[in-house]
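Structure, as structure tokens:
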Amino acid sequence: MAGWEKAASSEVQEGEVLAADAGGKRVCLANVDGEIYAFADNCSHRDFPLSHGELDTDDCTITCEWHGARFDIRTGAVCGPPATPIPVYPCKVEGDDILVDVSS
Ligand code: FES
């Protein structure tokens, strides 16, 4: 069952990432060409915040700032080592709010 949690009330600018809390989980929100993506704000390698990483809007990936692991933020798949896949979450925009379903 979906459990939508409010993750941010401020807008995430295009091409930017924002660390947020959704239902007690650290999530990272990213805006790629106006589309919002939500994924775990923890690199699966050493738990570094992915919100500190570099977003590539051309291929929809984020690169961890610590050791350079790269993830597809649409699927959580690893595109570059060293790491394992990360959780991605459904998200939607309602008015000024970004809602994330962290229940799945
Ligand atoms: S902590 Fe992210 S690549 Fe090592």
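The values are calculated or read from the model by the stated rules, or taken from the named source; none is laboratory data. Quick caveat: nothing in here was measured; it's all calculated off a predicted structure. Cβ atoms come from the backbone with ideal geometry, glycine included; neighbour counts cover every protein chain shown. These area figures cover heavy atoms from the full protein model, side chains too; ligands, DNA and RNA do not enter into them. Shrake-Rupley method; radii C 1.70, N 1.55, O 1.52, S 1.80 Å.
Here are some notes:
- Paramagnetic label zone (point 7 Å from Cα along Cα-to-C-beta, Arg26; backbone N under 13 Å) in the stretch 49-84: 49-53, 65-66
- 1.4 Å probe accessible area per residue over the chain, in Å²: 53 Å²
- Charge dipole (debye, nearest 20) of the chain; +1 at Cβ of Lys and Arg, -1 at Cβ of Asp and Glu: 520 debye
- For the chain, the list of Cys residues with no other Cys C-beta under 4.7 Å reads Cys28, Cys60, Cys79, Cys91.
- Once C-alpha pairs closer than 8 Å and six or more residues apart are averaged by separation and normalised to the residue number of the chain, the relative contact order reads 28 percent.
- Using a probe radius of 1.4 angstrom, the carbon and sulfur fraction of the accessible surface of the chain is 46%.
- Taking amide H as placed 1.01 Å from N in the peptide plane, Asn42 has its amide H under 5 Å from the amide H of Leu50, each at least 5 places away in sequence or on another chain.
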